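Working notes, beginning with the structure itself.
The values are calculated or read from the model by the stated rules, or taken from the named source; none is laboratory data. Bear in mind the structure is a predicted one, so any value in this text is a computation, not a measurement. A quick note on method: Cβ atoms are made from the backbone with ideal geometry, for glycine too, and the neighbour counts reach across all protein chains shown.
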Amino acid sequence: MTTVPQPANDPRGFLEALFGAAVARADPMEVMADHLPPRPEGRLLVIGAGKASARMAEAVEAVFGPCEGLVLTRYGYARPCKGIEIVEAAHPVPDRAGLEATKRLLDMLAGLGPEDHVLALISGGGSALLCAPPEGMSLEDKQAVNEALLASGAPISAMNVVRKQLSRVKGGRLGAACYPARLMTLVISDVPGDDPSEIASGPTVADTSTPEQALHIIERWNIAVPDSARAALAAGTDPVRPGDIRLARSETRIVAAPSQSLEAAAVLARQAGCEVRMLGDALEGEARDLAREQVRMARGIADAMTPDSAPVLLLSGGECTVTRRGKGRGGPNAEFALAAAIALEGDPRIHVLACDTDGVDGADEVAGACVGPDTLAMAGWVAADAALTDNDAHGFFARVNAQVVTGPTLTNVNDFRALLILPQG
């Protein structure tokens, strides 16, 4: 049994221990072996992309031994592999390293035969790392689209429709490039609902979205895209629909998901005497709005508690969004935490942690933040409100020493939010 700090004695230490348990539950080295088939005879090519992909490749070689292949991951997330080449590239906005590595990956897939096997390792972040814009779009155009999507406040499912329609690898096209080889995709989920077609924009999974839907999303969310993107949508790209013969020899397995990580945290919380209430692993929406909603719920629970009540823990996952209105760098978990701190107004009964399980909230090398009754008192309500208005939650929490910094976690099962409600008296 893992020992965690008592919630009443060390609320922040308790919440950070729960977050650590959630991250550990999704470690590829712990979960991959149970999902790997026997190593196939003949040629095996390992490919992949995502923040967890290098760790996944490391886990594959721990079972299979050295393998041939190429995997893309975020800068700082590489792992030592014996045969699989690991390439680092930029996230969340693609760069030339990702562009060139994606081309090399596609070249490796050319000429595969029916006796060959491909193992694809896909996790969140793969959408930016796999960069193959359609004809007529430059890398700079692709970067402009990604930046506009990230600032739009659109939900991840809507962003992914646009990404799929402006790519030669997303929306099942990478999987189609593997044909006629046999393909198995192992996935670590970072999206609400664990839909494989949404994870990293579904590079090996059939897609049902259309260019017309992408154009509607661009208009609906006022997303500024270059003319070349509109031209590419008008021209269309080769779709990979359900039933496509090129995916007939393909299988997909999810090896880790947000619900499993939340449950790992819940087990520890119950051991520490908490009553755990799951709010769901697929919550979406504007970060600040979701924070206010959960604070209202927490304060209502606190008001109904008696001095001898057990602590209550509210757990949730999913993927919040930030509509960038100010000059800050966003970060949905930090923005959730800051909006929660403001809404709590120093309530002594409630502590909040909001972190991204990949260790990177938005574009900053910070997992998120932990707030308590004294958070606003350290800098003042006016400073907190100004930071929220400017989307500068990371800057605010750096000033009050409330950031949670983990470094690369080598996995990614999306947001982790916990509200700890303690009885008073």
Legend entry - Residues (more than 25 Å from the chain's Cα centre (by Cα) and of a type outside the set (Val, Ile, Thr)) located in segment 379-391: 379, 380, 381, 383, 384, 385, 386
Inset, instruction - Would you check if there is a residue in segment 10-20 being under 26 Å from residue 281 (Cα atoms), among the acidic types (Asp, Glu) and over 23 Å from the mean Cα position of the chain (by Cα)? - result: yes
Legend entry - Lone qualifier among 102, 73 - being assigned to a strand (DSSP E or B), closer than 30 Å to residue 139 by Cβ, of a type in the set (Ser, Thr, Tyr) and in contact (Cβ under 8 Å) with a residue 12 or more places away in the chain: 73
Inset, instruction - Sort through 317, 331 and tell me the only one that's within 30 Å of residue 58 (Cα to Cα), at pLDDT 95 or above and in contact with a helix residue (DSSP H, G or I) (Cβ under 7 Å, 6 or more places away or on another chain). - result: 317
Legend entry - Residues (assigned to a strand (DSSP E or B) and of a type outside the set (Val, Ile, Thr)) located in segment 313-330: 313, 314, 315, 316, 317, 318, 319, 320
Inset, instruction - Among the numbered conditions (1) within 18 Å of residue 204 (Cβ to Cβ); (2) crowded, with 20+ Cβ neighbours inside 10 Å, tell me where residue 154 comes up short. - result: (1)
Inset, instruction - Take residue 376 and decide whether it is over 19 Å from the mean Cα position of the chain (by Cα), among the hydrophobic types (A, V, I, L, M, F, W, C) and surrounded by fewer than 24 Cβ atoms within 10 Å (Cβ to Cβ). - result: yes
Inset, instruction - Run down 341, 334, 354 and say which single residue is touching a Ser or Thr at 6+ places or on another chain (Cβ under 8 Å) and within 23 Å of residue 283 (Cα to Cα). - result: 341
Legend entry - Only one of 134, 94 that is over 17 Å from the mean Cα position of the chain (by Cα) and either assigned to a loop (DSSP other than H, G, I, E, B) or in the same structural domain as residue 366 (by TED's automatic domain parsing) (or both): 134
Legend entry - Elements of type strands (runs of 3 or more DSSP E) in segment 331-425, at least 3 residues being under 21 Å from residue 25 (Cβ atoms) and of a type outside the set (A, V, I, L, M): 415-421
Legend entry - Breaking point among (1) at positive phi; (2) more than 20 Å from the chain's Cα centre (by Cα), for residue 5: (1)
Inset, instruction - Among the residues of segment 195-214, count how many are within 11 Å of the chain's Cα centre (by Cα) and farther than 11 Å from residue 171 by Cβ. - result: 1
